[in-house]
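Novice: Mind having a look at this structure? Questions to follow.
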Amino acid sequence: MNPPADDVLAEVVRALTDVVGEGLPRGAEIGHGTALGDDLALESIELVALVDRLRARYGDRADLPGFIAGLDLDQIMNLTVGDVADHIAGRSAGAPADAGTAR
């Protein structure tokens, strides 16, 4: 059985909170529309740690490098927590590797 999208979103938020820790902007509320770059100022090393955590949890369904490789620069710059969660949930449901709609 595939995890519900809300559960995947909650897991991505937990992983981000663990990875970024005290580096989170004060009072930041992480949700579906939270931008990894603009809102969280996620650094590349933190992105690698996030990928590792999500891969440990979801296996190959969390192929974020493959997902990101299929995006154009604007989509990468505007990638949100929801885009990541939707990608994993879509892959969990058997969607192709480039599933998801980054804005």
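The values are calculated or read from the model by the stated rules, or taken from the named source; none is laboratory data. Just so you know, these numbers come straight off a predicted model, no measurement behind them. Here the Cβ positions follow ideal geometry from the backbone for every residue, glycine too, while neighbour counts run over all protein chains shown.
Novice: Can you go through 52, 63, 39 and tell me which one is acidic (Asp, Glu) and in contact (Cβ under 8 Å) with a residue 24 or more places away in the chain?
Specialist: Of the residues listed, the single one that is acidic (Asp, Glu) and in contact (Cβ under 8 Å) with a residue 24 or more places away in the chain is 63.
Novice: Name the residue that is farthest from residue 53 (Cα to Cα), counting only residues in region 7-24 that are among the charged types (D, E, K, R) and at pLDDT 90 or above.
Specialist: Applying the filter and picking the extreme gives 7.
Novice: Right, something else. Just name the residue that is nearest to the chain's Cα centre (by Cα) out of those in region 53-63 that are over 15 Å from residue 17 (Cβ atoms), modelled with pLDDT of 90 or more and part of a helix (DSSP H, G or I).
Specialist: 62
Novice: How many of the residues in region 72-85 are of a type in the set (Asp, Glu) and either modelled with pLDDT under 95 or part of a loop (DSSP other than H, G, I, E, B) (or both)?
Specialist: Going through region 72-85 one residue at a time, the tally reaches 2.
Novice: Separate question: Being in contact (Cβ under 8 Å) with a residue 24 or more places away in the chain and surrounded by fewer than 16 Cβ atoms within 10 Å (Cβ to Cβ) is the filter here, so list the residues in region 5-31 that pass it.
Specialist: 18, 31 - these are the residues of region 5-31 that are in contact (Cβ under 8 Å) with a residue 24 or more places away in the chain and surrounded by fewer than 16 Cβ atoms within 10 Å (Cβ to Cβ).
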